[in-house]
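First comes the structure, then the notes that go with it.
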Amino acid sequence: MAFYTLGLTFELVIILTVIVLAVWIYGIYFNFKKWGLGSTGYHDPLRRSFWLFLATWIHEAFKDGIWVFLRTVVLDVLLLRRTLARSPVRWIMHMSMFYGFLALAALSGLGLMLDIVEHFNLAGYAHEAEIVKEMMALPFDIFGYLLLFGATIAISRRILIKFVRDNTSAYDALLIGAVFLITITGFYAEWMRGNSFLVGNMFEYPIYAPHFALIHTLLALGLFAFILPWSKYIHVIATPMTLIANRGGE
Amino acid sequence: MADNKESKPLLTGYMMSTQLLEVDGCNRCQECMKWCPTFAVRPDRPGITPMYKNARWRELMAKSHSLRAKFFGAKPLNDDEMKVFTEDTYSCTTCGVCGTVCEAGIKTVELWEAMRPNLVARGDGPVGKQSFFPKLVKADRNPYQAKQEDRLCWVPKDIKVQESGDIVYFAGCTAAYRQQALGVATVRILDYLGVPFAMLGKDEWCCASAMVRTGQREVMAEHAVHNVDALKDAGAKNVLFACAGCLRNAAIDWPLWYEGYIPYETMPLSVYLRDRIRKGDVDYKIPLNYSVTYHDPCHNGRHLMHLKGKDWAYEASRDCIKSIPGVKFRDMVRNRALQRCCGAGGGVKAGIPDLALDCAKMRVKDGEEVGAEIIASTCPFCRRNIMDGRNDAKSSIKVLDVVELMAASMGLDMTIPENPYTKFQEQDVLVCGPAECKLDTVERKEPGKDLLPEAH
């Protein structure tokens, strides 16, 4: 089955990926530079520097030693200890979305690399790359469902709990809505191909599967590169960095 | 809404770069809104909550530092918008409960205290009477326009106060001039325990807490350096504090401004007293047959627990209260790290007094809910503000310091010697006979000429 459609070719996808990555990296650089507008310490002079932001962050992160740094990474960033302390439901939601998103992003990156290996038959591993890609279908499904589960809890909370609903801004709605939409379009593309995990051939419609896959890809890349670094969604990067810099918080 | 084209951009100089990161680290989980004591009494103003303050700082900063600003130039800040943002930023008691519950681990107290000097430098802050702090403190070295020579005027003549020694009692301005019952109870207990203690007298300057809290840092350096040097000169190895505000500043803020080595330990008085209780040195004579609850001061609790541990921050005072015979101790529902702030902190009492009062009334209600007759604390500011809330709510609850409860039960003489500030005293007291103590309130005989409220 053709993966690329609507005039999209392998080369175009590679170019698109490079552009997306470049925009994303510039976005991160831009934010680091903005954070560098602060000082390096309590009543220290201003430096206005990308590098000094990094230096300050590293200094703060390792202030209490490597073990505290590692403990923070494991307990606070990877296991979201502070969220669990406040709300087990929100912890399940965040863990599902966090690991679903991370795993899908990693799998997508790996998929792209395998595409390159397959396309150029690098080191003669084209066939092996194709086999590995087929093996990735199941983890893609599992982590996709995980992300969908988390996004569903997030949307339900925003709709059903009055206090949360009243304090939901357009930004919040857009972010959660976008994540939900990206996940759903991804699933729909997968289901249309037929023989899918859990749903079998219920939604099989292979002709339009590539179109949905394209919509899914464009939405995901758009969110990743053109919205995330340039809006308040930068918290996806900033929150773990804050937790590490503050050694797990107060 | 007026756009002032000449307006300065939002200044960031007093914020560390990792604090600018923290602003972006807020993931809008809304947890802080559930706990914020000022939002609880101003539910129509979500702008005062941490989540919204972070969002607004981002928006204001983006006017000069976004991609759009990079390509098309900075937008001027809107004067009305800045006014609202300033009011919201100063409507925070810096109690730190938001930091305790923050999922992103943002150190909120430090963050608000770093935002405020930027607003002061830009000409937006401080608010209300807060601008009097630096002027008064610079002129008199205390915020009550009192004479430095009178710092020890309340000390009973039979108490021996040394000029130097290992143990120094740092009384603070409020115990010296406005809540002298606390000072008298403290020196009486130390004397009873046979502790040779020193006090700084006229060399004790205001801890300058209110200046740091309200973003007016210019006086801070001078006061921090002076006090640390004075304590070093007095040969202090252990400095005792019966004022949570002074303690927080001495333990956390002064070292940030002092470049040399600080050889002494800062210690809440309750920790020292608990050690002596455990050693069996404290002998109680009169039971206090009252239901008592404990209000954790933010400065002695959440602010201190990272430095000194939760036992010092939360348990020592409770242990002291529980050691008193006859006391029925009950914790309020919100206690320890999740305690509800009394509303006086962060300069709110001086800047936005009606907000402080409403917060205090909430805390009085918390006390009433557990049937307390006495709310005990270890902070003169909390005490003053909760008393004001109690008066406004017409509640019968009394507010006393833990040290005063102990001194009363130990049967110590808590008479305040006549002094130039006796007429300004207004506080709940325990009047004790040979077998029992009764609660009473000393009314102020003469209205003070204070420019700033007692609990600022």
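Indicate the helices, whole DSSP H runs only, in chain B that combine a mean Kyte-Doolittle hydropathy of -1.0 or more with a Cα extent along their long axis of 20 angstrom or more.
Helices meeting the criterion: B:108-122, B:353-369.
Straight-line reach from B:Lys310: which aspartates and glutamates fall under 18 Å, measuring Cα to Cα and dropping same-chain residues less than 8 apart?
The qualifying aspartates and glutamates are A:Glu250, B:Glu265, B:Asp275, B:Asp296, B:Asp319, B:Asp331.
On a 23 Å Cα-Cα criterion, which of the cross-link pairs B:Lys160/B:Lys202; B:Lys53/B:Lys83; A:Lys162/B:Lys361; B:Lys365/B:Lys394 come out too long?
From B:Lys160/B:Lys202; B:Lys53/B:Lys83; A:Lys162/B:Lys361; B:Lys365/B:Lys394, over 23 Å: A:Lys162/B:Lys361.
Could you tell me which of rounded, prolate or oblate describes segment A:69-221, using a ≥ b ≥ c as the square roots of the eigenvalues of the alpha-carbon gyration tensor, with rounded for a/c under 1.5 and, failing that, prolate when a/b is larger than b/c and oblate otherwise?
oblate
How much space per residue, in cubic angstrom, does the convex hull of the C-alpha atoms of segment A:13-157 take up?
Measuring per residue, one finds 183 Å³ for the Cα hull of segment A:13-157.
Could you tell me which of B:Tyr258, B:Ala62, B:Met362 has its Cα farthest along the dipole of chain B towards the positive end, charges placed at Cβ (Lys, Arg +1; Asp, Glu -1), taken about the Cα centre?
Toward the positive end, the furthest listed residue is B:Ala62.
Under 1.5 on a/c is rounded, so check that first for segment B:371-438, then, if it is not, pick prolate when a/b is larger than b/c and oblate when it is not; a ≥ b ≥ c are the square roots of the alpha carbon gyration tensor eigenvalues.
Cα axes put segment B:371-438 in the oblate bin.
Counting helices only, and only those DSSP H runs with n ≥ 4, report the 222 nm mean residue ellipticity of the protein assembly as shown as the sum of -39,500 (n - 2.57) divided by its residues, in deg cm²/dmol to the nearest 500.
About -15500 deg cm²/dmol.
Given axes a ≥ b ≥ c from the Cα gyration tensor, I'd like to know whether segment B:166-264 is rounded (a/c under 1.5), prolate (a/b larger than b/c) or oblate.
Taking the square roots of the gyration eigenvalues as a ≥ b ≥ c, segment B:166-264 is oblate.
Under a Cβ-Cβ limit of 4.7 Å, which cysteines in chain B have nobody to pair with?
That list is B:Cys26, B:Cys29, B:Cys36, B:Cys92, B:Cys102, B:Cys153, B:Cys173, B:Cys206, B:Cys320, B:Cys359.
Can you list the equivalent-ellipsoid semi-axes of segment A:78-119, largest first and in whole Å, using the square root of 5 times each Cα gyration tensor eigenvalue?
In descending order, the three semi-axes are 33, 7, 4 Å.
Which whole-Hz couplings ³J(HN,Hα) result when phi for each residue of segment A:184-200 is put into the Karplus expression 6.51 cos²θ - 1.76 cosθ + 1.60, θ = phi - 60°, listed in order with x for Gly and Pro?
Once θ is set to phi - 60°, the couplings for segment A:184-200 become 5, 5, x, 5, 5, 4, 5, 5, 5, 5, x, 6, 9, 4, 6, 9, x Hz.
Just to be sure I understand: with springs between alpha-carbon atoms less than 10 Å apart, which residue in A:Phe224, A:Phe187, A:Phe62 has the highest mean-square fluctuation in the Gaussian network model of chain A?
A:Phe62
With just the Cα atoms defining each centre, how far is segment B:249-267 from segment B:128-142? Give it in Å.
So the two Cα centres are separated by 22 Å.
Considering every residue in B:91-104, what mean count of other chain Cβ atoms within 10 Å of its Cβ is obtained?
What the average comes to for B:91-104 is 4.
Taking every pair of alpha-carbon atoms in chain B, give the share separated by more than 27 Å as a whole percent.
52 percent
Mind listing the long-range amide H neighbours of B:Asp401? Cut-off is under 5 Å, sequence gap 5 or more, other chains count too, H placed in the peptide plane at 1.01 Å from N.
Those lying under 5 Å, H to H, from B:Asp401 are B:Ser377.
How large is log10 I(q)/I(0) at q = 0.10, 0.12 Å⁻¹ when the Debye formula is applied to the Cα atoms of the protein assembly as shown, each weighted equally and without solvent?
Ignoring solvent entirely, the Cα scatterers give -0.97, -1.28.
By a straight-distance test (C-alpha under 15 Å), which aspartates and glutamates pair with B:Lys147 as possible cross-link partners, with residues fewer than eight away in the same chain excluded?
Output for B:Lys147: B:Asp203, B:Glu204, B:Asp450.
So if I place +1 on the C-beta of Lys and Arg and -1 on the C-beta of Asp and Glu, and nothing else carries charge, what would the dipole magnitude of segment A:8-102 be about its Cα centre? I want it in debye, nearest 20.
320 debye
Lys/Arg Cβ at +1, Asp/Glu Cβ at -1, dipole of segment A:88-233 taken about the Cα centre: which of A:Ile155, A:Leu122, A:Ser108 is farthest positive-ward?
So the residue furthest toward the plus end is A:Ile155.
Where does each of B:439-446, B:80-87 land if you order them by average Cβ count within 10 Å, highest first?
Most protected by this proxy first, the peptides run B:80-87, B:439-446.
Looking only at A:Tyr145, A:Tyr205, A:Tyr188, which one moves most when chain A is put into a Gaussian network model with springs between Cα atoms under 10 Å?
Maximum fluctuation in the GNM of chain A, among the listed residues, is at A:Tyr205.
Can you work out the base-10 log of I(q)/I(0) for segment B:17-125 at q = 0.10 1/Å, using the Debye formula on its C-alpha atoms alone?
-0.28
Where the only charges are on Cβ atoms (+1 Lys, Arg; -1 Asp, Glu), what is the dipole of chain B about its Cα centre, to the nearest 20 debye?
820 debye
Relative to the Cα centre, what is the charge dipole magnitude of the protein assembly as shown, using +1 at the beta carbon of each Lys and Arg, -1 at the beta carbon of each Asp and Glu, and rounding to the nearest 20 debye?
740 debye
Between A:Leu198 and A:His59, how high is the FRET efficiency from 1/(1 + (r/R0)^6) when r is the Cβ-Cβ distance and R₀ = 56 Å? Nearest 0.05.
0.70
Other chains' Cβ within 10 Å of A:70-82 residues: what's the mean?
Mean partner shielding for this stretch: 1.
Using the charge dipole of the protein assembly as shown (Lys, Arg: +1 at Cβ; Asp, Glu: -1 at Cβ; taken about the Cα centre), state which of A:Ile66, B:Tyr294, B:Ala198 has its Cα farthest towards the positive end.
B:Tyr294
To the nearest whole number, what is the average tally of beta carbon atoms from other chains within 10 Å of the beta carbons of peptide A:230-236?
Average neighbour count from other chains, rounded to a whole number: 5.
With chain A treated as a Gaussian network of Cα nodes joined by springs under 10 Å, which of A:Asn31, A:Asn167, A:Asn195 yields the largest mean-square fluctuation?
A:Asn167
When ranked by the protection proxy of mean other Cβ atoms within 10 Å per residue, highest first, what sequence do the peptides B:390-399, B:340-349, B:124-133 form?
B:340-349, B:124-133, B:390-399
Report ³J(HN,Hα) in whole Hz for each residue of segment A:23-32, in order, from the Karplus equation J = 6.51 cos²θ - 1.76 cosθ + 1.60 where θ = phi - 60°; Gly and Pro get x.
4, 5, 5, 5, x, 5, 4, 4, 5, 4
FYI, it's all coordinate maths here, none of it is from the lab. As the structure is a computational prediction, the values presented were derived from the model and not from experiment. We place every Cβ from the backbone using ideal geometry, glycine too, and count neighbours over all the protein chains shown.
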